[in-house]
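So the structure is just underneath, and the comments pick up after that.
The values are calculated or read from the model by the stated rules, or taken from the named source; none is laboratory data. For clarity, every value in this text was computed on a predicted model and none was experimentally measured. Counting neighbours? That spans all protein chains shown, and the Cβs are built from the backbone with ideal geometry, glycine included.
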């Protein structure tokens, strides 16, 4: 039984727009346009190891009554697109619109995996963050504030009283964002793309009423100095918080809280019905390396959703299974080893700096 799984039909994802496709094209992806049930579905193809490739389909829109029907429709779609793919394509990896409002327990996950296997497919490695928080913007601003945790409402009011200035642009302040993002990445030990990747998000901006998303850059200033920034994307009924950055200075002014609230208000004015905070850990485990992110985003209230993530439809089974083994090893190295080594090195550097400069303690 898959009664606890739902289909997200709130809007078409910005990942299924040519705006996003053109960005990915610049960084090594081939884009294939397909048609299913009368609608265009974009397929992203990435080559690797010289001759092999992987096809990725983010959130295709298919008509389905329930989760079982949804999986069957995805299998139909994959069959329909096979002839468009490179001969050595290992699999079609589909990011699904299936979600639950709680983390699936063992039996629920087993039932879900069985349903996936019934269509000759497998649970794949996730590409987009599977867990998120969605704020319903159809509420009044007063209702939105009341749904937040008291500390979050307090922080928004505090930031407003501290003479912070919020500026909105469509990318004019990108260099400001980039410098803050570098500072954030260093502080939080996170891996980021090259500068051109984020810069390309603002190329060829159009209004939300057009065929492309509306992209906005929000910056918070204190005493004429930028201290935080976020990038949001509006498309159809959903606004998405895509990237965020903040300075190491003036963190007590709570600028990120005010930026999120400003973006929510603006998205509401633009007719968006949902504000997607886009990516949290699956639960509030304090030992999780991103536990702070969970607390920050869930504090704004809203609905926590746990998406199923990716499903793989193998094209060549033996090479595909070898590929998934390599994927798991790479993920293990990155999560269990590389990050720990990096954090240890950063802590040693900090200790050395404090030892050399005792007045900074």
Among the residues of the range 275-297, which ones are assigned to a loop (DSSP other than H, G, I, E, B) and free of Cβ contacts under 8 Å to residues at least 40 places away in the same chain? 284, 285, 286, 287, 288, 290
Hits in the range 24-55 - residues which are part of a helix (DSSP H, G or I) and surrounded by fewer than 18 Cβ atoms within 10 Å (Cβ to Cβ): 25
For the range 178-198, name all the residues that are part of a helix (DSSP H, G or I), surrounded by 15 or more Cβ atoms within 10 Å (Cβ to Cβ) and in contact with a helix residue (DSSP H, G or I) (Cβ under 8 Å, 6 or more places away or on another chain). 178, 181, 198
One residue from 123, 82 being in contact with a strand residue (DSSP E or B) (Cβ under 9 Å, 6 or more places away or on another chain) and closer than 19 Å to residue 33 by Cα: 82
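Yes/no matrix, rows are residues, columns are (1) touching a helix residue (DSSP H, G or I) at 6+ places or on another chain (Cβ under 9 Å); (2) surrounded by 10 or more Cβ atoms within 10 Å (Cβ to Cβ); (3) modelled with pLDDT of 95 or more:
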{"position": "304", "(1), (2), (3)": "yes, yes, yes"}
{"position": "307", "(1), (2), (3)": "no, yes, yes"}
{"position": "319", "(1), (2), (3)": "no, yes, no"}
{"position": "334", "(1), (2), (3)": "no, yes, no"}
{"position": "338", "(1), (2), (3)": "no, yes, no"}
{"position": "349", "(1), (2), (3)": "no, yes, no"}
Please specify each residue of the range 6-52 satisfying the condition of being out of contact with any strand residue (DSSP E or B) (no Cβ under 9 Å at 6 or more places or on another chain) and more than 19 Å from residue 237 (Cβ to Cβ). 23, 26, 27, 36, 37, 38, 49, 50, 51
Residues that are closer than 29 Å to residue 222 by Cβ, in contact with a strand residue (DSSP E or B) (Cβ under 6 Å, 6 or more places away or on another chain) and exposed (fewer than 14 other Cβ atoms within 10 Å of the Cβ): does the range 151-169 have at least one? yes
May I ask you to list the residues in the range 251-271 that are free of Cβ contacts under 8 Å to residues at least 60 places away in the same chain and more than 17 Å from residue 188 (Cβ to Cβ)? 252, 260, 263, 269
Being under 27 Å from residue 327 (Cα atoms), in contact (Cβ under 8 Å) with a residue 60 or more places away in the chain and touching a helix residue (DSSP H, G or I) at 6+ places or on another chain (Cβ under 9 Å) is the requirement here; does residue 26 meet it? yes
Determine which member of the set 203, 194, 236, 212 is outside the structural domain of residue 18 (by TED's automatic domain parsing) and on the phi > 0 side of the Ramachandran plot. 236
Going by the structure shown, is residue 252 in the same structural domain as residue 212 (by TED's automatic domain parsing), in contact with a helix residue (DSSP H, G or I) (Cβ under 7 Å, 6 or more places away or on another chain) and closer than 30 Å to residue 222 by Cβ? no
